[in-house]
Structure formats: C-alpha cells, structure tokens
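Enquirer: Here it is: the structure, laid out below.
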Amino acid sequence: DVDKETEDDGSQYYDKYEISWNLNYLEIPVLAKLNIPMKKNIKSNIFYGPALGIKIGATYDIDHEYWEKDENGNIVEEVNESDKSEIKIIKNMDFGIVFGAGVEYKMSDATALVGEYEMSTIDNDDTERGDLVSLGLKYNF
C-alpha cells in the first residue's frame, strides 16, 4: 500500500495505491525427508531440497483511489481505478529451494492425519518466498 496525503494552500490531496502480485508456479521438488518418531501414533518430519518451478501465471492488481478537496473541504475530484495485467518479465522456469516440517498422527493402520508447513523460494536472488500450510488425510493401501 502507498498512501499520500498533503495540504497546500488550503486544499487537501489524497492518493492511495494498493498493489498485489499473484505468482502461480507448478513446483516439482526433489526432497530429502527425515522422519522423527515422537510417540506411538505421532511422528514428525523435516524436509529440504531443490525444486524446479514452472510458471503457470503471473499477474498484478492495482487499485488506485484519489481525491482532492478545495479550501472549504468540498471534494472537487474523486477517482477510483482498478487494473489487472499480466507480468511478462517473470521467467517461465526457475530453480529454488524448499524447506519444511510436518506432523503425522496415525489414526489406524491405513489412515493418518497429516499437517505440514513448507517455505520455498523460486527465483535467482531469493527475494520472493512462498509459504504453504496444509492439512490432509493420508490413506495407505
């Protein structure tokens, strides 16, 4: 968010931008996983490894709100604009690193409740990060 409000010669000016980025990747990780037994039905794990990221989509949304008041406080101009566009400078394919941890609760011989947290970076300078929290039901057959 970028907010700016100023006063000059009795008039007021307000300008606000909200910018959001949506980067969608198909991530193909190759992970090493260490299982850590805790109790009879509970085990935890940590995992780490490289990942190939394939871009599925990349867009940005900009919402722009602007108004100006005269010296009497009356709004003389008000604008609300919105724009959604494709980001073309994002690479179609890149490599990154994945790190995470999880917990598994064994409910029976065939089923388990699984929760995981994953953090990944898919770019050359590691400035963008993706976080994933998942909860699932595992069935062995």
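Enquirer: If you scan the range 33-87, which residues turn out to be among the small types (Gly, Ala, Ser) and touching a residue at least 24 places away in the same chain (Cβ under 8 Å)?
Expert: The answer is Ser44, Gly49, Ala51, Gly53, Gly57, Ala58, Gly73, Ser85.
Enquirer: Also, quick follow-up: Might you check whether a residue that is under 30 Å from Tyr14 (Cβ atoms) and part of a strand (DSSP E or B) occurs anywhere in the range 85-107?
Expert: yes
Enquirer: Something else now. Looking at Tyr48, Tyr66 in this structure, which one is under 23 Å from Tyr14 (Cα atoms) and surrounded by 12 or more Cβ atoms within 10 Å (Cβ to Cβ)?
Expert: Sole residue among the options that is under 23 Å from Tyr14 (Cα atoms) and surrounded by 12 or more Cβ atoms within 10 Å (Cβ to Cβ): Tyr66.
Enquirer: Report the residue count in the range 87-117 for those that are closer than 13 Å to Ile28 by Cα and open to solvent by less than 90 Å² (accessible area, probe 1.4 Å).
Expert: Residues flagged as closer than 13 Å to Ile28 by Cα and open to solvent by less than 90 Å² (accessible area, probe 1.4 Å) within the range 87-117 amount to 4.
Enquirer: List the number of the failed condition for Lys40; all other conditions in (1) outside any loop (DSSP other than H, G, I, E, B); (2) of a type outside the set (S, T, N, Q); (3) modelled with pLDDT of 85 or more hold.
Expert: (1)
The values are calculated or read from the model by the stated rules, or taken from the named source; none is laboratory data. Bear in mind the structure is a predicted one, so any value in this text is a computation, not a measurement. All Cβ positions, even for glycine, are placed from backbone atoms using ideal geometry, and neighbour counts span all protein chains on display. Areas reflect the complete protein model, heavy atoms only, side chains present, ligands, DNA and RNA absent. Shrake-Rupley method; radii C 1.70, N 1.55, O 1.52, S 1.80 Å.
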